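The values are calculated or read from the model by the stated rules, or taken from the named source; none is laboratory data. All values reported here derive from a predicted model rather than from experimental measurement. Positions of Cβ are generated from backbone atoms using ideal geometry, with glycine treated the same way; all protein chains shown enter the neighbour counts. Areas reflect the complete protein model, heavy atoms only, side chains present, ligands, DNA and RNA absent. Shrake-Rupley method; radii C 1.70, N 1.55, O 1.52, S 1.80 Å.
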Amino acid sequence: MLSLFKSRVFAAALSTIAAIAAPSFAFAQSGSSSITGTLEVIVKDDFDRGRSERSYFVRVQRDDALFELQFDRTPPGHLRTGPKITVRGRAVGQRMEVDSLDAGAEPVSATGDAEIAPAAQRRSVVILVDLINAKASSRYTVSQITANMFRSVGGLYRASSQGQLGFPADTDGNGAPDVFGPFTINESGSTGDYYAWAYAAEAAATAAGVDLSLYQHRVFVLPRYNELNISWAGVANVGCGGYCRSWIAEGESPMVFAHELSHNLSMAHAGTDPENDGTTNSAYGDYSDPMGLSRAWHGFNGAHFDQMGWFDGFSGAVSTVVSGGTYQIAAIGSDPASGSTPQILKIERIDTGNFYYLAYRQPTGYDGSLSGTYTQGVKVHHYRGSGYSATNHILTMTDGGAFHDPANDITVTQISRDGATATIQVTYVLICNEATPSVGIGPSMHLVRPGEIVDFSVSVTNQDSNGCPQTGFGLAQNGSVTGTLNANSMTLPAGQAGAASIRVDTAGLADGSYDSQLTVSDVDGVDPVYPTSGAGQFSIVVDGAAPTAPTGLGGSVARKNKVNLNWNASFDAISGVSAYTIYRNGVSIGQTGSTSYTDSGTSSGTTYSYAVIATDGVGNASPGSAPFSITVTSTKGGGGGKSGGGGGKGRKK
């Protein structure tokens, strides 16, 4: 691979690269359609106007086509780059008007919790891009971009994550930072087509010997946004699948690099909500975090520290407040392993299920540029606790100042502070919000033969909020069959789960389906008493009858002496036919779920006798089919062979 400095040798040649064809964007025709591919979520950051825009695409792997998704309503907020999805709707040119979205076997997280592990080295490449009418190389130097990406941004992440997460400069191991270019591409800045710019730049880099498969992050440094037909300073994938992209159109600002890479890592914006009414006043208004608007150089707020899991390995560094009292908070940036004082306090908001985050920061280290607005005392943010969701700064307290949430009866008062810690008083009475317990039973259905003993696992979860006392639950069954519970009751604290099991002996049960229900009720007589009970369904299907025998077995000789067999489907009224076993000369040679089979283990001049047996969903085997015999005659050029004898007429496919 070429280093940035070595790649300059190729600049003259690469400047003549012709236009590189981007993937086709359009369907062959409009109408009701479905597409399956990889989801890509994009956020554009227009810092000057204080606004952002999110876009959604599906990349179809068969031809690398990219389709933009259009939703009639607000798109689901949890969508991230990476999973394979199927989208159904109406294709209009290069866009898809979405009717439904299915993640299939790769579910899109409902909470967006699939974030980057706190201990990770993120392999990153930077590609400088010169367009036809605007050049990144005319504004930015190699050393400037290298310093912004790998010294400034890399250092910020190493310091914030306690050395757990970083962006190594030399992934390819050639001794130079992985910054390549500038590459001149045959694309105009007037189009604003950032994907086309990326495709062309990637092709140019690959032609120059850059192995892009090494990298998880592809960072494109473009000419400055005021030289292009764009208003955004940065664009990035939200989340990161096999790899993700960031586009930087303000390369002189390391904070723009940090902002867009943070989107790749599933961080959302740092806004403000001074009224604490759940409405963000300014999406970029929290200047104490790279996900806000400030170009000044500083670290992350407490909520983002917790989201990224950077304190997970330090006992007591993050503490959840469950009762009133006096608490100390150490300044973020102090060594979390050096003492027992937490650097982040969390208080659950019972009304929303979100959390208040309390943190204290001082103007030292990477926070040296923080204004007094954020360093005068304990900062209060709200954030849902995990996943891609905005953090919002509510206020920063001063000594004697207080934060009050009347809806949850929470009051926080700052008593004092110094350069290392702040002391607060919390008045907090946990509110009890009772909820119906949830019941899970697995598997939901057993297919069995008569007389078999089956077990169902049971999970019961107390869905009460943290302010509620523990609850005693009673478990009861009702339905067409009952089993033996290993526990008829359990006592669970709020939010906790308990396990049980049900064993059913099917001896004496006739063939058929049996449906039952497990009900979980509050039986301790202590408030809160649930108005409804939780319930889970389970079923047993008893099948002692074998499928009917396959009929009409026949076949023909195909090329290379193969025998193609086919037959009529068997029937099983209860558990259904699951497989057919094929016998040649009385010996099993294979299984199939269809009504045809090709035997490749035959020789010319030999006569073979075949039979087929059907098996149902619980393993009952049918009688064998009538036998079918066939003599394999050598074939030429795909002609049919001669068949004869046995229990079915030979048929050519």
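Modelled spin-label separation between Ala621 and Ser501, with each label point placed 7 Å from Cα along the Cα-to-Cβ direction: 3.1 nm.
The Cα center of the range 424-481 and the Cα center of the range 165-187 differ in position by 53 Å.
The range 314-385 and the range 200-262 have their alpha-carbon centroids 33 Å apart. Relative to the current alpha-carbon distance between Thr551 and Ser55, full extension at 0.36 nm per residue lengthens the span by 173.0 nm.
Of the listed residues Arg123, Arg51, the order by accessible area with a 1.4 Å probe, largest first, is Arg51, Arg123.
Residues of the range 236-327: accessible area per residue at 1.4 Å, in Å²?
Heavy-atom SASA per residue in the range 236-327 reads 27 Å².
Atom-type composition of the exposed protein surface of the chain places 48 percent of the accessible area on carbon and sulfur (1.4 angstrom probe). First measure r as the distance between the Cβ atoms of Ala402 and Asp351, then evaluate 1/(1 + (r/R0)^6) with R0 = 22 Å and state the FRET efficiency to the nearest 0.05. Once rounded, the FRET efficiency stands at 0.70. What does the net charge come to around His217 if you take all other residues with beta carbon closer than 12 Å to its beta carbon, with K and R at +1 and D and E at -1? Summing Lys/Arg as +1 and Asp/Glu as -1 gives +2.
Given +1 on the Cβ of Lys and Arg, -1 on the Cβ of Asp and Glu, and no further charges, what dipole in debye does the range 273-337 carry about its Cα centre, rounded to the nearest 20?
Computed about the Cα centre, the dipole is about 180 debye.
Using heavy atoms of the protein chains and a probe of 1.4 Å, the accessible area assigned to Leu447 is about 70 Å². Taking amide hydrogens as placed 1.01 Å from N in the peptide plane, the amide H of Ala579 sits under 5 Å from those of Thr615, each at least 5 positions away in sequence or on another chain.
Taking the longest Cα principal axis of the chain as reference, the axis of helix 194-207 is set at about 80 degrees.
Could you state the angle between the C-alpha long axis of helix 254-264 and the longest principal axis of the C-alpha atoms of the chain, as a value from 0 to 90 degrees rounded to the nearest 10? For helix 254-264, the angle is close to 20 degrees. Note that the range 391-407 has calculated 3J(HN,Hα) couplings of 8, 10, 7, 9, 6, 10, 7, 10, 4, x, x, 9, 10, 10, 10, x, 5 Hz, one per residue in order, obtained from phi through the Karplus relation 6.51 cos²θ - 1.76 cosθ + 1.60 (θ = phi - 60°); glycine and proline are x.
Building the convex hull from the alpha-carbon atoms of the range 471-533 and averaging its projection over directions returns 5.1 nm². A cut-off of 5 Å between modelled amide H atoms, ignoring neighbours fewer than 5 places along the same chain, links Ala535 with Val439, Val520.
Segment Asn568..Ile415, full-extension length gain: 46.7 nm, with 0.36 nm per residue of separation and the alpha-carbon distance subtracted.
As an exercise, use a Förster radius of 35 Å and the Cβ-Cβ distance of Leu214 and Asp193 to find the FRET efficiency, rounded to the nearest 0.05. Mind showing how you got there, number by number?
Working: r = 26 Å, r/R0 = 0.74.
The value I calculate is 0.85.
Solvent exposure of Asp102, expressed as accessible area, is near 70 Å², computed with a probe of 1.4 Å over the protein chains only. So, counting K/R as plus one and D/E as minus one, what does the shell of residues with Cβ under 14 Å around Glu97 add up to? Charge balance in the 14 Å sphere: +1. Scan the chain and report its longest stretch carrying no GluC sites (Glu not before Pro) that are both in a DSSP loop and have at most 14 other Cβ atoms within 10 Å. Of all site-free stretches, the longest is 276-653.
Placing +1 on each Lys and Arg Cβ and -1 on each Asp and Glu Cβ, with no other charges, gives the range 407-474 a dipole about its Cα centre of roughly 80 debye.
Here each label is just a point 7 Å from Cα along the line to Cβ, and for Phe71 and Ala337 those points are 4.2 nm apart. About its Cα centre, the chain has a charge dipole of approximately 3220 debye under the convention of +1 per Lys or Arg Cβ and -1 per Asp or Glu Cβ, with nothing else charged. Select from Val87, Thr272, Ser588 the residue farthest towards the positive end of the dipole of the chain; place +1 on Cβ of Lys and Arg, -1 on Cβ of Asp and Glu, and compute about the Cα centre. Toward the positive end, the furthest listed residue is Ser588.
Tell me which residues come under 5 Å, amide H to amide H, from Ala487 once H is placed; ignore anything under 5 positions away on its chain. For Ala487, the qualifying residues are Ser501.
At 1.4 Å probe size, with no ligands or nucleic acids counted, give the accessible surface of Thr602 in Å², nearest ten. Per-residue accessible area (Thr602): approximately 20 Å². Applying the Karplus relation 6.51 cos²θ - 1.76 cosθ + 1.60 with θ = phi - 60° to the range 131-141 yields 3J(HN,Hα) values of 8, 4, 10, 7, 10, 5, 5, 7, 10, 10, 9 Hz, where x marks Gly and Pro.
What's the FRET efficiency of Glu452 with Gln537 using the Cβ-Cβ distance as r and R₀ = 22 Å, to the nearest 0.05?
Working: r = 20 Å, r/R0 = 0.92.
The pair Glu452/Gln537 has a calculated efficiency of 0.60.
Taken one residue at a time, the phi angles of the range 297-308 give Karplus couplings (6.51, -1.76, 1.60, θ = phi - 60°) of 9, 7, x, 9, 6, x, 5, 5, 4, 5, 4, 7 Hz. Gly and Pro are set to x. Could you tell me which of rounded, prolate or oblate describes the range 158-245, using a ≥ b ≥ c as the square roots of the eigenvalues of the alpha-carbon gyration tensor, with rounded for a/c under 1.5 and, failing that, prolate when a/b is larger than b/c and oblate otherwise? It is oblate, given that a/c is not under 1.5 and a/b is not larger than b/c. In the structure shown, the pairs Lys44/Lys379; Lys44/Lys135; Lys84/Lys560 are assessed against 31 Å; a Cα-Cα span above that value is assigned to Lys84/Lys560.
A value for Kirkwood radius over Cα pairs in Å was derived from the coordinates, and within the list [x] 28.1; [y] 30.1; [z] 29.2 it appears as [y].
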